[in-house]
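Please read the structure below before turning to the comments.
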Amino acid sequence: MSLFKRSTEEIIALFISITFVLDAVKGMVKIFQKYYYGPNTGNYHAESTSLVSLLGLNTSLLASPMELTSAGSHPENAGRETAVLSLFIMLGTLWLGYTLYQFKKSPYLHPYMLEILSDCALPISVLLFSLICSYGFREIKMSKFCYNPSKSLFEMAQMHSLSLEAIGGAMGLGFLLSLLFFIEQNLVAGLTNAPENRLVKGTAYHWDLLLIAIINTGLSLFGLPWIHAAYPHSPLHVRLLALVEERVENGHIYETIVSMKETRLTTLGASILVGFSLLLLPFPLQWISKPVLYGLFLYMAFTSIDGNQLFERMALLLKEQTSYPSTHYIRHVPQRKIHYFTGLQILQLLLLCAFGVSSLPYMKMIFPLIMIAMIPIRYNLLPRIIEAKYLDAMDAEH
């Protein structure tokens, strides 16, 4: 893990943001294909979806089969209002959440209130638009969680029915998935503990991995999805616990972390609340509709790219050189070398996307190996194109 440079970590972090956006877009496209452009929009039937944990790399928060129905006075247009409303609910959740997240820069209200609104932007937007969707448009039936109380949530997997060939294949796939979790866990934790975050307390990488190994062993017995401790949005969580100051340099506004409230109580409390959410079935979890969750995905994607150096250098491709910010790599690396490095990173990002979001399951199976391949690319290939001193300057933490 010490071989992963900052540039590699940011490629994977940006890939995670892209997966959030793709999940939201693909879900909305399916809604429009079925309920707006469908050949028979008046035919309503249950739509089964698979459970993928929010804590994983590729996320889709449709935890159980859902049913989309729509009531309209014109059968030929029935269901179209569901598709249009779903789009507005998704974009509204994103807009309100991101607006409140940026509201701490507003000159209005007390700074303490601004900080609370910014920290609670996501739950406020999700709850508000869930109420709007459930009560403001009650005549339009949106997607809901379908929960059957007569069926147990936890059922032991029938492992004794597996053949030796199936067990051997599962061990191979399980190793690759464990490798993916190991890499992603440490990369996200590395981004969280970056020097610019000014964390002073020690880390617990190995304890986190041990705890996750024990938990995932129990989940495997029930055939449930695996989890990992470092959420993809963990850097955003650290950002919300930081005291941030703004400074102006050469006409550009920079945000600098002054101090950090280091605690594990917030993540522990969040995990406990996730567990208690089982007590909210079937209500009020059924009030949270599918488009609201898609808006949540977009919010996490857009807020996660804040401070991503790769995304900032991609923006430089569209700017005049006179408007470049006075960052450390701008001062020490020629402009052409910066663009070369950005282009090579984009190619690596496209390679990750080709395997990570592919519809072919066998391509996804080797995705962890593609992530490991980023190491020889950085150490063996890139120095042949760009001088090592420039690579080290752009990989520097400050």
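The values are calculated or read from the model by the stated rules, or taken from the named source; none is laboratory data. This structure is a prediction, so every number in the text was calculated from the model and none was measured. Note that each Cβ is placed from the backbone with ideal geometry, even for glycine, and that neighbours are counted across all protein chains shown. Only protein heavy atoms, including side chains, enter the accessible area calculation; ligands, DNA and RNA are left aside. Shrake-Rupley method; radii C 1.70, N 1.55, O 1.52, S 1.80 Å.
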Residue count for region 169-227, restricted to those that are farther than 30 Å from Glu155 by Cβ and among the aromatic types (Phe, Trp, Tyr): 2
Can you tell me which of (1) open to solvent by 10 Å² or more (accessible area, probe 1.4 Å); (2) within 17 Å of Leu298 (Cα to Cα); (3) modelled with pLDDT of 85 or more is the one Asn58 doesn't meet? (3)
Before we move on, is Val126 loosely packed, with under 15 Cβ neighbours inside 10 Å and at pLDDT 85 or above? no
Answer yes or no: is there a residue in region 301-310 that is on the phi < 0 side of the Ramachandran plot, in a helix (DSSP H, G or I) and open to solvent by 30 Å² or more (accessible area, probe 1.4 Å). yes
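To keep it simple, each residue is scored yes or no on (1) without any contact (Cβ under 8 Å) to a residue 12 or more places away in the chain; (2) not in a helix (DSSP H, G or I).
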{"position": "Ile338", "(1), (2)": "no, no"}
{"position": "Gly343", "(1), (2)": "yes, no"}
{"position": "Ile346", "(1), (2)": "no, no"}
{"position": "Leu350", "(1), (2)": "yes, no"}
{"position": "Ser358", "(1), (2)": "yes, yes"}
{"position": "Met363", "(1), (2)": "yes, no"}
{"position": "Tyr379", "(1), (2)": "no, no"}
Among the residues that make up region 140-156, is at least one of them more than 24 Å from Leu221 (Cα to Cα), modelled with pLDDT of 80 or more and more than 20 Å from the chain's Cα centre (by Cα)? yes
Tell me, which residue of region 180-220 that is free of Cβ contacts under 8 Å to residues at least 60 places away in the same chain, more than 17 Å from the chain's Cα centre (by Cα) and open to solvent by less than 40 Å² (accessible area, probe 1.4 Å) is farthest from Asn308 (Cα to Cα)? Gly218
Being in contact (Cβ under 8 Å) with a residue 12 or more places away in the chain and hydrophobic (A, V, I, L, M, F, W, C) is the filter; apply it to region 311-336 and report the residue that is surrounded by the most Cβ atoms within 10 Å (Cβ to Cβ). Val333
